[in-house]
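Some notes on the structure that comes next.
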Amino acid sequence: MKNNSKNQNKKQAFPVWLMALVILVVVGLAGFFIIQATNSNSASQPYPAEVNISQAAEKRDAGAFILDVRQPEEWVQFHIPGATLIPLGELPDRLNEVPKDKEIVVVCRTGHRSAQGRDILRNAGFEKVTSMAGGVTQWQAQGLPIATGQ
């Protein structure tokens with residue numbers, strides 16, 4: 001009988017030890033994956049699809065590439081100083097003129113074509129590209145600097 005009770009104690013002790021080991025491994029792995037997810041999320045926050053006029057002005061002042069996708073006759077009327085004009089219809093053929101190493105803010109008259117331009121750039125592999133809501137008409141209405149002519 002003594003032999004039988006010793007065997008029962010051994011059988012009960014092994015599962016407890018094994019359960020403790022499994023718990024430690026699971027907790028360790030969970031902690032590792034949580035840390036990895038936190039690090040990867042902070043390193044690759046999605047770039048905003050759209051920014052407002054103030055945010056676009058801040059990005060411009062910080063050196064972002066301002067891409068105007070309007071037509072040349074619209075550009076001549078007024079545009080954001082320092083912007084580059086590439087009409088939306090020409091953009092897919094002129095991607096080499098857009099820097100991949102800078103933030104890019106795409107602008108147009110009201111914000112509709114700029115969203116299309118943003119999507120063209122994103123689909124071509126540009127990562128830090130956004131569209132300015134409101135367009136250059138709102139930029140001008142807010143009293144921000146504009147240029148005219150070529």
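The values are calculated or read from the model by the stated rules, or taken from the named source; none is laboratory data. Computed from a prediction, not measured in an experiment: that's the story for all the values here. Reconstructed Cβ throughout: ideal geometry from the backbone, glycine too, with neighbour counts over all protein chains shown.
Could you tell me which of the residues Gly111, Gly82 is surrounded by fewer than 15 Cβ atoms within 10 Å (Cβ to Cβ) and of a type in the set (Gly, Ala, Ser)? I'd like the intermediate steps shown before the answer.
Details: Gly111 fails: surrounded by fewer than 15 Cβ atoms within 10 Å (Cβ to Cβ).
The conditions single out Gly82.
If you scan segment 123-148, which residues turn out to be in a loop (DSSP other than H, G, I, E, B) and either free of Cβ contacts under 8 Å to residues at least 24 places away in the same chain or on the phi > 0 side of the Ramachandran plot (or both)?
The first filter runs over segment 123-148 and keeps only residues in a loop (DSSP other than H, G, I, E, B), leaving 124-128, 133-134, 142-146, 148.
The answer is Gly125, Gly134, Gly143.
Residues to consider are Lys59, Lys2; find the one that is basic (Lys, Arg) and at pLDDT below 95.
Working: Lys59 fails: at pLDDT below 95.
Just a single option satisfies the conditions, and that option is Lys2.
Given Ile80, Ile146, Ile66, which one is farther than 23 Å from Pro46 by Cβ, touching a Lys or Arg at 6+ places or on another chain (Cβ under 9 Å) and of a type in the set (Val, Ile, Thr)? Give the steps one after another, and end with the answer.
Numbers: Ile146 fails: touching a Lys or Arg at 6+ places or on another chain (Cβ under 9 Å); Ile66 fails: farther than 23 Å from Pro46 by Cβ.
Being farther than 23 Å from Pro46 by Cβ, touching a Lys or Arg at 6+ places or on another chain (Cβ under 9 Å) and of a type in the set (Val, Ile, Thr) holds for just one of Ile80, Ile146, Ile66, which is Ile80.
Which residues, counting only those in segment 73-88, are over 24 Å from the mean Cα position of the chain (by Cα) and of a type outside the set (A, V, I, L, M, F, W, C)? Break it down into steps so the answer makes sense when it comes.
Here is the first cut: in segment 73-88, the residues over 24 Å from the mean Cα position of the chain (by Cα) are 73-79, 81.
The answer is Glu73, Glu74, Gln77, His79, Pro81.
So that you can scan it fast, the table gives a plain yes or no per residue for (1) closer than 13 Å to Trp139 by Cβ; (2) within 19 Å of the chain's Cα centre (by Cα):
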| residue | (1), (2) |
| --- | --- |
| Leu91 | no, no |
| Pro99 | no, yes |
| Lys102 | no, yes |
| Cys108 | yes, no |
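Of the conditions (1) modelled with pLDDT under 95; (2) in contact with a Lys or Arg (Cβ under 8 Å, 6 or more places away or on another chain); (3) in a helix (DSSP H, G or I), Tyr47 clears all except one; give me its number.
(3)
Mind listing whichever residues of segment 71-98 are of a type in the set (Val, Ile, Thr) and in a loop (DSSP other than H, G, I, E, B)? Break it down stepwise before answering.
Taking segment 71-98 and keeping what is of a type in the set (Val, Ile, Thr), we get 76, 80, 84, 86, 98.
Passing the criteria: Ile80, Ile86, Val98.
Tell me, please, whether a residue that is among the polar types (S, T, N, Q), closer than 12 Å to Val51 by Cβ and part of a helix (DSSP H, G or I) can be found in segment 104-122.
First, the residues of segment 104-122 that are among the polar types (S, T, N, Q): 110, 114, 116.
Still in the running and closer than 12 Å to Val51 by Cβ: 114.
Those left that are additionally part of a helix (DSSP H, G or I): 114.
Yes, the conditions are met somewhere in segment 104-122.
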